[in-house]
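A short reminder: the numbers here are calculations on the coordinates, not readings from a lab. As the structure is a prediction and not an experimental result, all values here were calculated from the model. So basically every Cβ, Gly included, is an ideal-geometry build from the backbone, and we count neighbours across all protein chains shown.
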């Protein structure tokens with residue numbers, strides 16, 4: 001992925017999103033999300049209601065009325081578009097079929113009933129999982145599946161783009177094309193309580209030769225590699241780490257976070273004995289653990305119903321002067337030992353997201369033949385490493401860019417979705433539970449070609465009611481203005497849930 005602002009540092013730029021999502025509710029009471037099929041639970045005496053529409057727009061009611069026979073909401077207020085620009089103000093009628101979800105500040109149902117339990121299609125298992133550990137609920141970004149795989153995502157798109165202003169491009173390897181195929185199909189899902197706005201999807205195809213592979217760097221530049229070697233020697237805190245890092249095989253090397261400071265570092269030293277000489281790079285295949293997810297959700301929890309005020313103030317005053325928790329966690333720093341035996345930094349991998357392994361290459365320049373000593377330095381418990389390898393780079397290569405040709409939604413062609421994906425100014429909106437299959441026509445004789453997914457867009461995280469129970473302005477201020485201290489304060493709390501977070505996370509995917 002390209003270097004983009006982290007999920008936590010990006011929080012300071014979300015004021016408009018939260019003000020739009022909960023403009024009325026936050027000023028009166030804690031906001032809650034209500035399925036359109038549960039509209040009878042709304043308090044009819046409460047004038048504040050927001051209808052979030054399937055097209056990404058939102059109507060903020062100042063007064064409203066509903067009857068079951070009409071299947072429509074009548075009232076007056078403001079219509080805002082996907083970018084939360086006011087398009088209309090006055091009386092309106094909103095058809096229920098155009099509504100994705102409601103946000104309000106008062107319900108008639110008992111407070112013991114969890115909001116997650118009444119969202120359309122939310123399973124009981126998902127609800128109970130999220131309530132048991134709200135900081136481990138599934139979320140991150142759009143998930144992509146290929147080859148009939150149903151459980152393990154092949155890629156996740158633009159996982160650091162949590163607001164329109166942070167819209168970014170992302171590149172993810174999808175492997176090689178098998179023989180006899182004339183098209184390539186992938187499935188994109190929204191498996192979290194989020195709204196995904198996908199501006200574009202392209203398949204990038206690279207003709208390749210046996211013994212070669214294509215690698216991308218953080219800026220989306222592609223290079224061929226003709227030689228790849230895992231570590232001949234590898235030492236970490238647990239001892240020999242060669243086997244776990246030798247191949248891109250799903251066997252990940254990970255560690256546990258420090259119990260006193262979540263920013264505490266660890267190092268992995270590895271050596272390649274017989275480098276042939278030439279233009280070198282180090283290829284790292286990794287994904288984040290759930291540590292950053294925990295911190296992101298914890299910040300939301302502490303800000304609580306006052307999140308709009310926090311974000312508005314931060315938006316006008318600029319980034320925190322001391323950095324963010326994500327800045328202190330950092331990425332995967334790569335160092336190389338020079339001829340004098342001194343470790344020198346050469347770059348850093350800043351991948352975002354815990355869902356799918358991504359592989360990036362960092363250039364090392366021209367290295368003479370012989371032994372090469374490299375070191376990785378990273379926050380304990382923050383990364384899952386699948387492969388680390390020294391590679392020989394053969395120069396830049398340009399892809400063949402393929403546009404989507406067909407989109408299928410629930411077994412039927414979706415022409416509107418296809419038009420949005422191929423319109424530079426359009427967006428494909430995916431609500432929780434949405435899933436579409438997207439097909440690309442391949443060039444002639446594509447056997448052995450490597451393909452990457454290029455995705456661009458952003459997404460909005462939905463507030464969960466369980467998070468709002470921990471509202472604490474003092475602790476929110478500490479996370480914003482003293483992240484180093486917060487990472488020490490939160491270490492014992494994270495350690496209490498660290499062991500079980502993966503199970504909860506993957507068990508709480510949203511599906512209709």
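Estimated at 0.36 nm per residue, the fully extended path between residue 481 and residue 96 surpasses their Cα-Cα distance by 134.3 nm. Our estimate of slack between residue 259 and residue 400, defined as 0.36 nm per intervening residue step minus the Cα-Cα distance, is 46.0 nm. Computing FRET efficiency as 1/(1 + (r/R0)^6) for residue 496 and residue 243, where r is the C-beta to C-beta distance and R0 is 25 Å, gives about 0.25.
Here the range 186-217 is scanned for amide nitrogen atoms under 19 Å from the site 7 Å beyond the Cα of residue 445 along Cα-to-Cβ, giving 205-212. For the pair the range 443-506 / the range 238-302, the C-alpha centres are spaced 17 Å from each other.
Shape summary: the range 385-512 maps onto an equivalent ellipsoid whose semi-axes, from the alpha-carbon gyration tensor, are 39, 25, 16 Å in decreasing order. Put simply, when 256-263, 86-93 are sorted by average Cβ atoms within 10 angstrom per residue, most first, you get 256-263, 86-93. Ordering 475-485, 410-420 by mean Cβ neighbour count within 10 Å, with the highest value first, yields 475-485, 410-420.
Each peptide in 244-253, 190-199 gets a packing score, the mean of other Cβ atoms within 10 Å over its residues, and the list from highest to lowest is 190-199, 244-253. Suppose R0 equals 25 Å. What FRET efficiency, 1/(1 + (r/R0)^6) with r the Cβ-Cβ distance, do residue 273 and residue 208 give to the nearest 0.05? The calculated FRET efficiency here is 0.35. Placing dummy labels 7 Å off each Cα toward the beta-carbon, the span from residue 167 to residue 503 is 4.2 nm. With the simple model of a label 7 Å out from the Cα in the direction of the Cβ, residue 74 to residue 410 spans 2.8 nm.
Normalised by the number of residues in the range 319-371, the average gap of Cα pairs under 8 Å and 6 or more apart makes the relative contact order 24 percent.
The length gained on full extension between residue 373 and residue 185, counted as 0.36 nm times the residue separation minus their Cα-Cα distance, comes to 63.6 nm.
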